[in-house]
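Just below is one structure, and these are the notes that go with it.
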Amino acid sequence: MAEAAARSALDGLYRPGRHGKAEAAAGVTLAELGNIALASVIARKGKATLASEAARRSFGVDLPETPRRVQAKGIELLWAGPGQWLALSRESMPAGELETRLSAVFAGLASVAEQSDGRTVLRIAGPKARDVLAKGLPIDLHPRVFRPGDTALTVAALIGVQIWQTDEAPTYELAVFRGFARSFWKFLAESAAEYGCEIA
Amino acid sequence: MATDQGRTANVNGLALMAELTRRSIPETGATRFRPPYAPIAIGALAGHHRGKDFRPTRLPPSHQWAEARGAVFVETGMWLRAQWYPLPGEKDWLPIVDREVKQVREAVGVCDVSTLGKIDVQGTDAGAFLDRLYCNTFSTLAVGKARYGLMLREDGMVMDDGTTSRLAQDRFFMTTTTANAAKVMQHMEFCHQVLWPEMDVQMVSVSEQWAQFSIAGPRSRDVLQRVVDMPDAIANDVMPYLGVKDLTVLGGIKARLFRISFSGEMAYELSLPARFGDAAIRALMEAGRDFGIIPYGTEALGVMRVEKGHVAGNELNGQTTAGDLGLGRMMSSKKDYIGRVMAGRPGLVDPGRPRFAGFKPVNKADRLRAGAHFIAQGAEAAAKNDQGFMTSVAHSPMLGHWIGLGLLSRATERMGEVIRACDPLRGGEVLVEVCDPVFYDPKGERLHG
């Protein structure tokens, strides 16, 4: 029987290296982030405060109440709507494991559903990252209004995305629904070409 | 402002206004203009969204595999799905689809059904919430069981259908049709946020999390027993029709198996994390080789559902009631639910309404056409004599002729009657006999394997 190989939604779509404008330093770098575990966490009726206390006990941070991303030991918690969060772990773990772990943390306080396979997570960084994203995102990413730690649920190139900024390079990470990942990648790579794009 | 947004056209007006007020343009000031004031190509505004990228394409987990196999694809919303899988030398779609249907009914086939909407519903009120959402009851469903559900709109018309399973006392896995996935999710969020905010229920789309494959046909269990890690766990007596089980496949991958059927055959849906979708289709094809497994596309899926008289998008057209579709018995009389009151309006319970039925050609060689209107024999083919229309048709390889489903006034009292199916748009009419909509295995014995 065939070996059960995990397959990325972007499998075979791109070739690492320099793309688009060849002169000067690359304006942006693009990468698909593997080994990302995701789960949605939704507070049970009237239990948001208790769920936040549970997060503090287990991870040392509260659940964010505004569109922010908080980092703690082994976990990142992103606001995803009132009483809803997207939990993210960069630790290598089997499919379904994050749901199991978080269900124990939030037992009776929040409902957890594994989403690791439901999203493809991409990173775009560099001096031209904002210019590339401006071609598809309707929201303003100017540092005056969107900073490291901020997150937003929006659309880009007609595809629903959750975006967050991780540093002032600037570096952004975006989660898109898996089925749309190839279309979204094409939009990003094509939009980045004029600035010179390094694909990791 | 016209095409230059006032950049140049307004200058004459500004000069005239300045002269009339005996001032110069710099003194009166100019109006503002905004880009684009110079001609630019429409393509610059369209940007990336040209040609195939006009809108995004959504691909199911087995897409690359299907492409390499030479599948012919069809767009269903943004999804690209395999419509059929030609073998080398096969050109015409009809013999291909006939072959796929026969092979599923005689042996086994596999179809990627990942495009179905999937919603994770949790909370202490999850069962009660679904009771209000669906016209039939879900709070009584046992853990580890699946049930077909039908939901109505507030106005009493049918909104969507699908199979929903109970994974735990406070957790359900709900499926919707591919076309209505987003609409149903939005409807549920509206119901929770606006109508019943007091309910303890949490819902989230997991449509893209799970790759889902239908494995259908008399040899479906034989194939699956070579893929699941504990073959005895899916034996007929421990996992009968409508059973649901958490298990592992392909050496430890957490998966769920649902014993549900759209084709009318003994069938299962295997759900596993999407990253393993590609590995799963390859493993299923390899495991099924000894049993004659084939992949089948949306067309064969559609033919089999017409043979079984199952309703689908063509019948759930926003103008049909549960009663019209022969599903009136699903409307619970023991609880309240969305659409219950409005479904009782006189116009919606009028016995003269078009009712769901099957239609077969009197001359077996005749081809049926969806969209044809039903007219009594001897009556003029005019709108005033219209008695309903054909919603879906298929060539049935099992019966060897075309068959149809449709909505005909008082159809249930007219079994055996011969009427005309008139198609003035494309020309021609066919004599058809009104019959039961279940054309194949009417007792449903094949489901139980």
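The values are calculated or read from the model by the stated rules, or taken from the named source; none is laboratory data. Remember, predicted model here, so these are calculated numbers, not experimental data. FYI the Cβ positions are ideal-geometry reconstructions off the backbone, even for glycines, and counts take in every protein chain you see. Areas reflect the complete protein model, heavy atoms only, side chains present, ligands, DNA and RNA absent. Shrake-Rupley method; radii C 1.70, N 1.55, O 1.52, S 1.80 Å.
Note on the range B:238-328: enclosed strands (runs of 3 or more DSSP E) holding 1 or more residues that are within 14 Å of chain A (Cβ to nearest Cβ) and under 19 Å from the mean Cα position of the chain (by Cα) are B:267-273.
Can you pull out every residue in the range A:49-71 that is within 16 Å of the chain's Cα centre (by Cα) and open to solvent by 30 Å² or more (accessible area, probe 1.4 Å)? Correct list: A:P67, A:R68, A:V70, A:Q71.
The single condition from (1) farther than 17 Å from A:K186 by Cβ; (2) more than 12 Å from the chain's Cα centre (by Cα); (3) open to solvent by less than 10 Å² (accessible area, probe 1.4 Å) that A:V132 fails is (1).
Here the strands (runs of 3 or more DSSP E) wholly within the range B:395-435 that include at least 1 residues being aliphatic (A, V, I, L, M) and touching a Ser or Thr at 6+ places or on another chain (Cβ under 6 Å) are B:401-409. Just one residue in the set B:I260, B:I215 is out of contact with any helix residue (DSSP H, G or I) (no Cβ under 8 Å at 6 or more places or on another chain) and crowded, with 19+ Cβ neighbours inside 10 Å; that residue is B:I260.
Reported count of residues in the range A:148-191, each being in a loop (DSSP other than H, G, I, E, B), farther than 19 Å from A:V28 by Cβ and in contact with an Asp or Glu (Cβ under 9 Å, 6 or more places away or on another chain), is 0. Residue pairs whose Cβ atoms lie under 6 Å apart, separated by 6 or more positions or on different chains, with the first residue in the range B:43-60 and under 26 Å from B:L116 (Cβ atoms) and within 10 Å of chain A (Cβ to nearest Cβ) and the second open to solvent by less than 70 Å² (accessible area, probe 1.4 Å) and assigned to a helix (DSSP H, G or I), are B:P56/A:F180; B:P56/A:S183; B:T57/A:S183; B:R58/A:G179; B:R58/A:F180; B:L59/A:G179.
Does the range A:52-60 include one or more residues that are within 13 Å of chain B (Cβ to nearest Cβ) and in contact (Cβ under 8 Å) with a residue 12 or more places away in the chain?
Within the range A:52-60, none of the residues are within 13 Å of chain B (Cβ to nearest Cβ) and in contact (Cβ under 8 Å) with a residue 12 or more places away in the chain.
Here B:M199 passes the criteria (1) more than 14 Å from every other protein chain (Cβ to nearest Cβ); (2) part of a loop (DSSP other than H, G, I, E, B); (3) at pLDDT 95 or above except the one numbered (1).
Each residue in the range B:417-427 was checked for being loosely packed, with under 13 Cβ neighbours inside 10 Å and in contact (Cβ under 8 Å) with a residue 12 or more places away in the chain, and 4 of them qualify. If you go through the range B:329-343 and pick out every residue that is open to solvent by 50 Å² or more (accessible area, probe 1.4 Å) and not in a loop (DSSP other than H, G, I, E, B), you end up with 2. What number of residues within the range A:72-112 satisfy the criterion of being more than 28 Å from A:T154 (Cβ to Cβ), free of Cβ contacts under 8 Å to residues at least 24 places away in the same chain, open to solvent by 30 Å² or more (accessible area, probe 1.4 Å) and not in a helix (DSSP H, G or I)? Adding up the residues that qualify gives 3.
With respect to B:F190, is the statement that it is surrounded by 16 or more Cβ atoms within 10 Å (Cβ to Cβ), outside any loop (DSSP other than H, G, I, E, B) and modelled with pLDDT of 95 or more true? It is false that B:F190 is surrounded by 16 or more Cβ atoms within 10 Å (Cβ to Cβ), outside any loop (DSSP other than H, G, I, E, B) and modelled with pLDDT of 95 or more.
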